[in-house]
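The values are calculated or read from the model by the stated rules, or taken from the named source; none is laboratory data. Model, not experiment: these values are computed from the prediction. Please note: Cβ atoms are built from the backbone with ideal geometry, for glycine as well, and neighbour counts cover all protein chains shown. The area values use the complete protein model at the heavy-atom level, side chains included, leaving out ligands, DNA and RNA. Shrake-Rupley method; radii C 1.70, N 1.55, O 1.52, S 1.80 Å.
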Amino acid sequence: MVEISDHQILTLFLQKGEEEKAFEMILNKYQERAYWHIRKIVFHHEDANDVLQNTFIKIWNGLKGFRGDSELFTWLYRIATNEALSFLKQKAKKAGSRIDDPEMTIANRLQADEYFDGDEIQLKLQIEVSKLPERQKLVFQMKYFEDMKYEQISAILNTSVGALKASYHHAVKKIQKGLIPD
Amino acid sequence: MAFFVKLIDYGSIMTVENNNMNFFEGDKNNPFLVPPGYFAESRAQIMQKIAKEGAISSVKEFKIRTRLLWMSGIAASLLIGLLLFQNMYLKPHRSIKLAQEIDWFINYTGSDLNDVTLASYFADEGISIEDPYDEVLDSERASLLEMTDYDELFIIEEWMNIENQNK
């Protein structure tokens, strides 16, 4: 099946009465990728589902004003990333001082999560990733798990490729250190 | 522990396969799951929300339009009310007041009603005598002007100018 280009979808969206059809095309094309991107940031399915829905509502609301300065894919990823990060911030704010050991909380939650099927190694890796600073975590997720190019990540996070490479390098070092006990 | 066994097996924590760096064998396999049929269901949910959002925004638009209509209706009613109030209450009321004032002035001046007193009254009240029959001039004031000889108005005007200069 020939994949419809973003440009074709956006052109369709601008035609009166075709908005929903065009949006459904965007949803079909990007929903899964956006979901996995969000899921790797928020970890849990229920949270990822909420963030995904908010992301696409925002995309729907913003699509009329989308001027095409960036690629649709980049714009969509940027919204998904921002939504996921604000979700985490709100969650942390709500939890407040109730969390004594964030590492244990993530480990326990992942272990108890019926939608997490990783082995001990994968669990350990996810915990180490969750301990990274926000930007390093994002860069690592996109580079390591999603195999994205630095140029793409650069457009999404609005950061130079050089800075991204440095972030990724630091992230890998920290994870290595976390995985090998002294 | 399996974790350490794997570490020992690999000798190093990192492996490179086909130019791809991996921490462990299989660590890039997605450990996260989704409920069966999730994506189709989620798509339907999102589309439902979008349809609702569309309905909400058209309801909002309708509400705003209705509110604007109400506001412009109220503004128009207020304007009409104000004009009616001016024409049906303020103007007649003012005319009666003026008539009373003029009556009082005529009674007060009595036999002293002459060009000079009239001129100073006009100057005090700011009445123009350029055209006493001007529609703009209150009919009461016009009638007062009519009490004088029209030719004398020029004399009065001169007096008025002097009065105004003195002020």
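Table for the structure above
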item: Computed lengthening from A:Lys149 to A:Ile4, 0.36 nm per intervening residue step minus Cα-Cα distance; result: 50.0 nm
item: Separation of the A:Ser70 and B:Asp124 label points, Cα + 7 Å toward Cβ, nm; result: 8.0
item: Chain A, relative contact order in percent, only Cα pairs under 8 angstrom and at least six apart counted; result: 18
item: Net lengthening on full extension, B:His93/B:Ile74 (0.36 nm per residue, minus Cα-Cα); result: 4.2 nm
item: Neighbouring partner chain Cβ atoms per residue of B:29-40, average, 10 Å criterion; result: 6
item: Placed amide H near A:Phe116: partners under 5 Å, 5+ positions off or other chain; result: B:Leu33
item: Over segment A:1-98: Rg over Rh, Cα atoms, Kirkwood Rh; result: 1.04
item: Accessible solvent surface per residue of segment A:61-182, calculated while the other protein chains remain in place, 1.4 angstrom probe, Å²; result: 56
item: Computed helical MRE - 222 nm, chain A, DSSP H runs ≥ 4 contributing -39500 (n - 2.57), nearest 500; result: -23500 deg cm²/dmol
item: Label point 7 Å beyond Cα of B:Glu61 along Cβ direction - residues of segment A:1-44 with amide nitrogen under 15 Å; result: A:14-20
item: Listing of segment A:2-33 residues, each with accessible area lower by at least 10 Å² in the full protein assembly than in the chain alone (probe 1.4 Å); result: A:Glu20, A:Phe23, A:Glu24, A:Leu27, A:Asn28, A:Gln31, A:Glu32
item: Label-point separation, A:Glu46 to B:Leu84 (7 Å along Cα→Cβ), nm; result: 6.2
item: Convex hull volume per residue for segment B:38-107, taking Cα atoms only, in Å³; result: 56
item: Segment B:38-107 - percent of accessible surface contributed by carbon and sulfur, probe 1.4 Å; result: 68
item: Subset of A:Lys91/A:Lys165; A:Lys64/A:Lys93; A:Lys40/A:Lys124 violating a 25 Å alpha-carbon distance limit; result: A:Lys91/A:Lys165; A:Lys64/A:Lys93
item: Shielding by partners, peptide B:41-49 (average Cβ within 10 angstrom, other chains); result: 5
item: Accessible surface buried upon A-B contact (total; probe 1.4 Å; Å², nearest 100); result: 3700
item: Which of A:His170, A:Leu14, A:Ile41, positive extreme of dipole for chain A (C-beta unit charges); result: A:His170
item: Apportionment of accessible area to carbon and sulfur, segment A:1-98, percent (1.4 Å); result: 50
item: Kirkwood estimate for chain A, i.e. one over the average of 1/r between Cα atoms, Å; result: 17.8
